[in-house]
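The block underneath contains the structure these notes are about, expressed in structure tokens.
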Amino acid sequence: MVTIIKTSHSIRSILNYNENKVKAGVAECIGAGNYPVDVDKISDSLKINRFTKRLELNENTKRNSVHISLNFDPTENYSKEKLMAITDTYMDKIGFGRQPFLVYQHYDAGHPHVHIVSVNIERDGKRIDMHHLGIRKSEPARKEIEELFGLVKAEGRKKIEQFKIEPISMGKVRYGKIESKKALTNVLTFVLNQYKYSSLPELNAILKQYNVLADRGSEKSRVFLENGLVYRILDEKGIPVGVPVKASDFYNKPTLKFLEEKFRNNKIRTVSDQRHVKNNIDMVILKKDKISLTEFEKELQKEGINTLFRKSETGLVYGITYVDHVTKNVFNGSSLGKEYSAKGILERCEPPIVAENKQQLSERLKAFTLENNSKKTLDVLAICKLIDSLLQPEMTYDYLPKQLKKKKKRRIRKGI
């Protein structure tokens, strides 16, 4: 079992989120705690009033609403009675046993899970301390409940799946296959919480692999000028399709302000995370005497690292980004060091761009000749030789360590 605890300043938004799921037919309110009547007799007004009355006892607490999800293994299809027994036990162990709460079972994910809606203001108006609640109470409670109810242990699964890389294609959003907002929510919930990124381009490097884009709009657009953000679905060619969804329309509010806080927190990365990417890059390049960029990209992908090249309109590579799905990190090439930047990788790999450009130009010229049916107009062989000479590199890059380079003698200028 995996538990996720979130706090909010609005009990209505949490309640509406779950009730909207019920109206959409993908959730059901299966139980309630410390309500005066059974769950099937609780009206919509009673649901919210029970919470608001409790919150009125302490108006100084701003983040007074709690949203908890209990997530189970896909093989665990328990009855509503067992889910409620697990929920009641969990709420008791984390200190919320006497709090009013509602339990919703959701059916819109690939694994069984329930959502719990509650408040952290007690009957005497005191606030339940939420600081490190997950570490202090939730984790011990989870382990006890796994033993008590015979659940699949979360820690055991983590060890097994630690190095398992889920294929990106399985999670790619396909426009029209599923409701857009729901599809975007699934991707954003996973990516925003699991990966480390320190800028919007780095975040988009991950999102684009799921056919999603976080878009600020053009510099003169209303969205950009008002520091807004929208999320778009992309087709297989990377072109936006459908209607964009405002960040503020999502339940978890992944706005620009929210992301900027993430960027600041993710600026500092661990040395081990950086080393994982750098070591794999070095090993891939050292495997062969010469390796093309295409081979370089494929070999890194086998190690769970996606490589994204940034190219100009003419096709020249000017930037590189690495998305490490093992350590869940995104790195701009230059942040890892000069030898891992776009220029460094181009120099360390075989310069296949020259060969590829020669082949592409030759094929285009041949096609042009055949299309115009005029062999006399163009001498293809002569032009290909000309291309060879034009694209021939003027100098080679022989790597010499800095320590072995001779120091330049300083010229002493004699005074006149």
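The values are calculated or read from the model by the stated rules, or taken from the named source; none is laboratory data. If you're wondering where the values come from, they're calculated on a predicted model, not measured in any experiment. Note that each Cβ is placed from the backbone with ideal geometry, even for glycine, and that neighbours are counted across all protein chains shown. Heads up: the accessible areas ignore ligands, DNA and RNA and are worked out on the full protein's heavy atoms, side chains in. Shrake-Rupley method; radii C 1.70, N 1.55, O 1.52, S 1.80 Å.
Of all the numbered requirements in (1) in contact with a Ser or Thr (Cβ under 7 Å, 6 or more places away or on another chain); (2) more than 27 Å from residue 140 (Cβ to Cβ); (3) surrounded by 15 or more Cβ atoms within 10 Å (Cβ to Cβ), residue 8 misses one, and that requirement is (2). If you go through the range 9-43 and keep only what is of a type in the set (Gly, Ala, Ser) and at pLDDT 90 or above, you end up with 10, 13, 27, 31, 32, 33, 43. Residue 238 meets each of the listed conditions (1) at negative phi; (2) under 19 Å from the mean Cα position of the chain (by Cα); (3) open to solvent by 30 Å² or more (accessible area, probe 1.4 Å) apart from (1). When only residues in the range 235-248 that are touching a residue at least 12 places away in the same chain (Cβ under 8 Å) and β-branched (Val, Ile, Thr) count, which is nearest to residue 191 (Cα to Cα)? My answer is 245.
Criterion first (part of a helix (DSSP H, G or I) and within 29 Å of residue 126 (Cβ to Cβ)) does residue 49 satisfy it? Judged against the criteria, residue 49 is a match. Across the range 273-298, the number of residues qualifying as hydroxyl-bearing (Ser, Thr, Tyr) and either free of Cβ contacts under 8 Å to residues at least 12 places away in the same chain or in contact with a strand residue (DSSP E or B) (Cβ under 6 Å, 6 or more places away or on another chain) (or both) comes to 0.
Grab the helices (runs of 4 or more DSSP H) fully contained in the range 171-234, keeping just those with 3 or more residues being free of Cβ contacts under 8 Å to residues at least 24 places away in the same chain. Result: 180-194, 222-225. Has the range 286-294 got at least one residue that is under 23 Å from the mean Cα position of the chain (by Cα) and farther than 15 Å from residue 197 by Cβ? Taking every residue of the range 286-294 in turn, none turns out to be under 23 Å from the mean Cα position of the chain (by Cα) and farther than 15 Å from residue 197 by Cβ.
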